[in-house]
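Worksheet for the structure shown next.
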Amino acid sequence: MDLERIFLRKEWNSEKGYSGYNNYKSYKFYMRDKIIEALVKATGLETGEIHLETPENEEFGDYSSNITLQLFSKSQIPNPKSQKKDQSPITNHQSTGQLAQETVSKLKADKEIEKVVDKIEIAGPGFINFWLKKDVLVDNLIQIDNEKDKYGRSETKKNKKVSVEFTDPNPFKEFHIGHLYSNTIGESLARLQEALGATVWRADYFGDAGIHVAKSIWGLRKKMQEDNLSLDQLGQKELKERINYMGQGYTIGSDVYEEDKDAKKEIERLNTVIYLAAQRMWKEKEGREPIVNYDPENKFSEEEINEIYELYVKGRSWSLEYFEQIYARLGTKFDGYYPESVVGEIGYKYVLDNLGSVFEKSEGAIIYKGEKVGLHTRVFINKHNLPTYEAKELGLAPKKYEDFKYDESIIVTGNEINEYFKVLISALKEINPKLGNATLHLGHGMVRLPEGKMSSRTGKIVTAEEILDEVKSMVFKILEKSDVTESEKESIAEKVAIGSIKYSFLKTGIGQDIIFDFDKSLSLEGNSGPYLQYTYARTQSVGKKALGTRQKALDFQKLMPSPYSLVPNSEEIALLRTFTHFSDIISMSAKNYSPNLLCNYLYDLAQKFNLFYNMHGILEQRTKDKEQSNFRLALTSATGQVLKNGLYLLGIEAPGRM
RNA sequence: GCACCCGUAGCUUAAUGGAUAAAGCGUCGGCUUGCGGAGCCGUAGACUGCGAGUUCAACUCUCGCCGGGUGCACCA
């Protein structure tokens, strides 16, 4: 080992520290690519076939390849099991061992890989493990300071346009914990795509027309009558109260729809009236003419529309205003809004245009026969001549494309509609193969309460605001012991509460259901958002203390130790190595649509830092050695930077104090 | 009934087909004359639901069974 030469670098200068590093090649994917290139040369396999992993166990190096085992199975050596007993089977060990030896000697002759790799070893049943040069690790540390907030990002999807649709709340109904979950996942996926260099379009689709709205309006009207409350009076109330009131209206309407046949008919009729009211609203608001006639037989009068028009338009705008407040708190800014009242018309037309070829009439409705592709039949336009969710989402695809010429369209929803989406995408592929093939549906798990499924019909729901406020008050309790000022508390509590909630959603796999239990799900310690935020705050605090003693900004270059002078300990090495994997992790999280991989990584990094922090002093007053202190400050600062960048990709803000 | 998803430590979860299955909470024990204890170290706890198969290698892929969830024509 050449530990004593770890920091040997030509560019080092005792006055300026490291100089000229700005000219260094960016190390994003650099080490990894170098090794893959060398493996391609040594084995003759394609780049895509090379499987290079970052082992969790550090004794297996910085990178590890199972390539010998791949080569072995490709080498057409008959399976020993299938050979006759009298033949002497070639043992695996001999073959893989020979292959590994051969490959490694080719690698060692490669001048390029020498630049980044310090040691190559064969281990286990045929793994080849690579250790990076220590000065590469230090270069990477410098790179972090060089790139700051951009560290970890890449340009692998630079020319790609990706639309991400998520959250999808419904006006006139609550914004509940399920929407919060969808928003959290979607925002993180969007940011991960951006980290790969893609241009992202955030799309918000919301149900401002449909039977759920009819139920709400019906219940709302009834409740207002009972409470003897006029629309103006309702409008005087706080926004939160109005939203709550409308939610209660939905419960009433929904119950009645199930239990009372006459009321059900009324609500179904009201549904069409709402579509017509929405068309009038668009005409008055934007001068847009309807493109679909929902009432070809003139069954609905102007008076009928007038009756609910005001209520519909006002209630709708209150809901949207409320959603916007929540988005602002959560840190999401949508680029495009797609109300069902608009995309429904487009979808309706889309269906009619393809009637006979893709869709067919059946029992008064227009359907898509999914059976022809192994799926099931779904209704796109119902017997009341209204587009269903199927047609709406179908119309959404070209509408989004009109706004943003996407290469990829990701739609995030609950997984209970996975089957529905298979049918939808199948239909879309028939009509518009380009858009159909670009569309990817991601069904996330459902948020459940310990008592069972959530239901806004029975009122058994947890709203986003309730949970936010609840967690915030938990954070406030802890903050009482902290020495932050009163004025800081509010914003810290908000960030920590949101961090705690978002992290608890993101740390598990996307497909998993989440049993949401206040006491169990929301932790402020252990593997949690606040733990990462706390660790970040700690790095900042140490940095500030160092500044205090020096009276000037930290100069990262000068923090670097001089050559020959230091032998880093294992905690320091562990941090250096973890830093190098950041962009690989981002890439993997983005490609697999798995923010939880990033969570794992950040948690691991924070743990390593906290171990380092507990074992070794950082400030000069503790190390009694300026160079050592400088180096540890650089590690501290880099940890903070990576945590901050990583948390950003999860949609979590990192306060400097907490 | 059919289809899809899920069964990993007491609980909640992790693990691009790879090496000794990894954490948090909870248990039990320890760490503050030192940079933030929302922290750190240690301890016990798993035949990865059961049974076959594919593979050099299976928590991961295939088949069957058992258990749970969701969906299956006019809700979204």
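Modelled label positions at A:ASP519 and A:LYS158, each set 7 Å beyond Cα in the direction of Cβ, lie 5.4 nm from each other.
Here each label is just a point 7 Å from Cα along the line to Cβ, and for A:LEU355 and A:ASN418 those points are 3.5 nm apart.
Taken over the Cα atoms of region A:308-405, the convex hull encloses 142 Å³ per residue. Using a cut-off of 21 Å between Cα atoms, the listed pairs A:LYS460/A:LYS520; A:LYS215/A:LYS333; A:LYS173/A:LYS429; A:LYS265/A:LYS349; A:LYS161/A:LYS507 include A:LYS215/A:LYS333; A:LYS173/A:LYS429; A:LYS265/A:LYS349; A:LYS161/A:LYS507 as exceeding that distance. Only lysines eight or more places from A:LYS111 in sequence, or on another chain, were considered; those with a Cα closer than 25 Å are A:LYS10, A:LYS25, A:LYS28, A:LYS34, A:LYS41, A:LYS119, A:LYS133, A:LYS134. Across region A:470-478, rounded Karplus estimates of 3J(HN,Hα) from the backbone phi angles (6.51 cos²θ - 1.76 cosθ + 1.60, θ = phi - 60°) give 4, 5, 4, 5, 4, 5, 4, 4, 5 Hz, Gly and Pro being marked x.
Taking a ≥ b ≥ c as the square roots of the Cα gyration tensor eigenvalues, region A:204-349 comes out oblate, since a/c reaches at least 1.5 and a/b does not exceed b/c. Region A:494-529 and region A:188-238 have Cα centres spaced 25 Å apart. Using the Karplus relation 6.51 cos²θ - 1.76 cosθ + 1.60 with θ = phi - 60°, the per-residue 3J(HN,Hα) values for region A:129-143 come to 10, 10, 10, 6, 5, 5, 6, 5, 4, 6, 4, 5, 4, 5, 4 Hz, with x marking Gly and Pro. Our coupling estimate for region A:496-507, obtained by passing each phi through the Karplus curve with A = 6.51, B = -1.76, C = 1.60 and θ = phi - 60°, is 5, 4, 5, x, 5, 5, 4, 5, 5, 6, 7, 6 Hz, Gly and Pro reported as x.
By the count of other C-beta atoms within 10 Å, a proxy for reagent exposure, A:HIS376, A:HIS176 are ordered fewest to most as A:HIS376, A:HIS176.
Can you give the FRET efficiency to the nearest 0.05 for A:GLU258 and A:MET588, using r as the Cβ-Cβ distance and R₀ = 51 Å? Calculated transfer efficiency: 0.65. Rounded to the nearest 0.05, the FRET efficiency derived from the C-beta distance between A:GLU430 and A:ASP295 at R0 = 25 Å is 0.30. Counted by neighbouring Cβ atoms within 10 Å, the residues A:ILE367, A:ILE585 run from fewest to most as A:ILE367, A:ILE585.
A cut-off of 5 Å between modelled amide H atoms, ignoring neighbours fewer than 5 places along the same chain, links A:MET454 with A:LEU449. Across all Cα pairs in chain A, the calculated P(r) in 20 Å bins from zero up to the longest distance comes to 16, 41, 30, 13, 1 percent per bin.
For the peptides A:181-193, A:36-48, the ranking by mean Cβ contacts within 10 Å, running from highest to lowest, is A:181-193, A:36-48. For region A:161-448, the square roots of the Cα gyration tensor eigenvalues, ordered a ≥ b ≥ c, give a/c of at least 1.5 with a/b no greater than b/c, which places it in the oblate category.
Amide hydrogen proximity for A:LYS119: with H placed 1.01 Å from N in the peptide plane, the residues at 5 or more positions away or on another chain lying under 5 Å are A:TRP131.
Using the average count of surrounding beta-carbon atoms within 10 Å as a protection proxy, the listed peptides A:109-117, A:569-577, A:480-488, A:497-505 rank, highest first, as A:497-505, A:569-577, A:109-117, A:480-488.
When only alpha carbons are used to place a centre, region A:390-461 and region A:34-57 end up 37 Å from one another. Going from the residue with the fewest nearby Cβ atoms within 10 Å to the one with the most, A:THR639, A:THR103, A:THR623 rank A:THR623, A:THR103, A:THR639. Counted over chain A, the DSSP beta bridges are approximately 50% antiparallel. Working note: Debye formula, equal point scatterers on the alpha-carbon atoms of region A:418-476, no solvent; log10 I(q)/I(0) at q = 0.12, 0.22, 0.25 Å⁻¹ is -0.56, -0.88, -0.99. Remark: spin-label model distance A:SER230-A:ASN57 equals 7.7 nm, labels positioned 7 Å along the Cα→Cβ axis. Working from Cα pairs under 8 Å separated by at least six residues, relative contact order for chain A is 17 percent.
Bear in mind that the values in this text are calculations on the coordinates, not laboratory data. Computed from a predicted model, the values in this text were never measured in an experiment. Note that each Cβ is placed from the backbone with ideal geometry, even for glycine, and that neighbours are counted across all protein chains shown.
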